[in-house]
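Below is one structure, written out as structure tokens; comments come after it.
The values are calculated or read from the model by the stated rules, or taken from the named source; none is laboratory data. Fair warning: this is a prediction, and the values are worked out from it, not measured in the lab. A quick note on method: Cβ atoms are made from the backbone with ideal geometry, for glycine too, and the neighbour counts reach across all protein chains shown.
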Amino acid sequence: MTTKNPFSNFVYKLYSFNLGYRKFVCWWKNDILKKNQYHIGLRKGEGSVNVVMVETPEQVRQIAEYYRNFKVLADHREYLSILIHTSTIDFLVISTGIGTPPIAIGMEELAIIGVKRFFYLGSCKSLSSLLKEDEFLIVKAAIKEDGTSREYLPMIIPAVGDVDLINKARSAFKDMGISFKTGISLTVDLDPHHLPAQIPLQAQYEQQIQVFKEGGALAADRAAAGIYAVATKIHRLACCILRACEAESELPLPLIKSLPAVLS
Amino acid sequence: MPTLIKKANLHSDILNVSSNQIGKYILLPGDPARVPFLAGPFEGAHEEARKWTHVTYTGLLDGQKVSVVSTGMGCPAMATTLEELIRLGAHTFIRVGTSGTIQRKTDPSDLIITWAAARDERTSLRYQPMSFPAVADVEVTTALMDAAHDLSFGYQVGISQSKDAFYGEHDPLGMIASHALLEKQKIFERSGLLCSEMEVSTLFVISAVRSVRAGGIMMLGGSKPQTLENITRVCTHALKYLIHRDMESQRG
């Protein structure tokens, strides 16, 4: 951004100087790149450029059983990480737990160890008759009603996924005959399947759901806005694929089979 | 594909045009003087209506009626024009405009395809709360990307900033709250926003609420006249791709 006034330009240049990514801020502590990361327990050089994030360690084990060529890397807190080798592509699979805070922590540390592309396989509750039970939703953008995305981005900046990854996921699902929709998901910090009937502010929640349904929100979930906000901040690509089912349920076999096509 | 409105004879007093005078696929520039140039590649392009800043040209593209309607500057004007056109039955919109750069190393001859927009304005707040994302339609954006790629033009895809004050960006030190404006611009540069314009976020939010499809493509300020010709060709090709893909999905 430049203006005609050279003094304004000078002031703007001084004002917009910034130190950049944190590894340059902490240059005297550069063992941040040699040690294991604090929460996920991986270090730079382990893992791969692609990562598939899932909700629970059981789902990680399910993926490992299908692709039998795998190697367990670490198991700390919620983060069980394995590296899978297929004939076309290698990718890291890691479990993140429920909710945006552990996902944000995981994504920050994975970015430090060198991951470039983030995929998330999660669950959501369908808000519209367009999205049927057990159908997939590829989230193109998320409504930021959770807390983590507001820490990362001001409210005016949207949480959107990467177009190329979304198109690749769509074509991979179309080739495999998996039924899906592409649309907007509402991210809230409570379990959309069970909690709304038991909280004091239930009426306010129902009213907000009606407003967002008119805007075209297809589902309510607990992860998408956080993932896209963190991806914007760390300058990496992300794509979120949600299944309209209960949380922590088993991954269906067609989805596990389609992972190499979605990732390539 | 969104459902089409079947009634054919609605008339808009604001645009001075009827629903049988416009097509379903519409390009939306801001400047009325740019409308004949954008409608040039259409077959039989002619002026249908002219009122205030709203100039309407309609023509045929591969057998389908397409229109170019100028909106004027700013989100309120875009909201008015868009609501009228949706009421008259149109379902696909592409915003074609100029914008300013935010990042330092942008090539001024690049075309910027706006996949989403930062809602730094207040018109879209009347439709959805600020947490709602202003995001384009996937098919329209893919058609624009494919057209720019097939014609070998340099392009970037990303998030733009929709602001309400032109001179807030071009002369921030002259504004009363200059410190706040400079901070905001620093935030936008750090979050990777590509360009700064004044209409796109309202277009995306209203099109989400009314279930129509929208996309946007921007030229940068300081670009040569060749870029206007490039963007016209990209828009024409993108409309052709959309028309063909819609016909295929309706058949199959």
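Structure summary
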{"quantity": "From the options B:217, B:187, B:231, residue that is within 13 Å of the chain's Cα centre (by Cα), assigned to a helix (DSSP H, G or I) and among the aliphatic types (A, V, I, L, M)", "calculated": "B:231"}
{"quantity": "Filtered residue count, region A:101-140, keeping only those that are among the hydroxyl-bearing types (Ser, Thr, Tyr) and surrounded by fewer than 20 Cβ atoms within 10 Å (Cβ to Cβ)", "calculated": "2"}
{"quantity": "Count of residues meeting criterion [facing chain A (nearest Cβ under 10 Å) and in a helix (DSSP H, G or I)] in region B:134-143", "calculated": "4"}
{"quantity": "From the options B:211, B:201, B:178, residue that is polar (S, T, N, Q) and surrounded by 19 or more Cβ atoms within 10 Å (Cβ to Cβ)", "calculated": "B:201"}
{"quantity": "Hits in region A:181-230 (condition: of a type in the set (Lys, Arg) and under 18 Å from residue A:147 (Cα atoms))", "calculated": "A:222"}
{"quantity": "Members of region B:149-208 found to be touching a residue at least 12 places away in the same chain (Cβ under 8 Å), among the aliphatic types (A, V, I, L, M) and more than 11 Å from every other protein chain (Cβ to nearest Cβ), listed by number", "calculated": "B:151, B:194, B:198, B:200, B:203"}
{"quantity": "Residue under evaluation residue A:91, criteria (1) more than 14 Å from chain B (Cβ to nearest Cβ); (2) surrounded by fewer than 22 Cβ atoms within 10 Å (Cβ to Cβ), criterion not met", "calculated": "(2)"}
{"quantity": "Among residues of region B:78-120, those that are small (Gly, Ala, Ser) and more than 14 Å from chain A (Cβ to nearest Cβ), counted", "calculated": "5"}
{"quantity": "Residue list for region B:107-128, filter: part of a helix (DSSP H, G or I) and either aliphatic (A, V, I, L, M) or crowded, with 20+ Cβ neighbours inside 10 Å (or both)", "calculated": "B:124, B:125"}
{"quantity": "Some residue of region A:173-183 being facing chain B (nearest Cβ under 10 Å) and at pLDDT 95 or above", "calculated": "yes"}
{"quantity": "Condition check for residue A:192: modelled with pLDDT under 90 and surrounded by 16 or more Cβ atoms within 10 Å (Cβ to Cβ)", "calculated": "no"}
{"quantity": "Lone unmet requirement of (1) within 30 Å of residue A:130 (Cβ to Cβ); (2) buried (at least 17 other Cβ atoms within 10 Å of the Cβ); (3) of a type in the set (S, T, N, Q) for residue B:249", "calculated": "(2)"}
{"quantity": "Residue in region A:3-19 that is modelled with pLDDT of 70 or more, more than 14 Å from chain B (Cβ to nearest Cβ) and over 30 Å from residue A:145 (Cα atoms) present", "calculated": "no"}
{"quantity": "Within region B:1-106, strands (runs of 3 or more DSSP E) holding 2 or more residues that are more than 26 Å from residue B:188 (Cβ to Cβ) and modelled with pLDDT of 95 or more", "calculated": "B:25-28, B:43-51, B:54-61, B:64-69"}
{"quantity": "Condition check for residue B:131: modelled with pLDDT of 95 or more, of a type in the set (Gly, Ala, Ser) and outside any helix (DSSP H, G or I)", "calculated": "yes"}
{"quantity": "From A:195, A:130, A:201, residue being out of contact with any helix residue (DSSP H, G or I) (no Cβ under 8 Å at 6 or more places or on another chain), closer than 17 Å to residue B:138 by Cβ, of a type in the set (A, V, I, L, M, F, W, C) and more than 8 Å from chain B (Cβ to nearest Cβ)", "calculated": "A:130"}
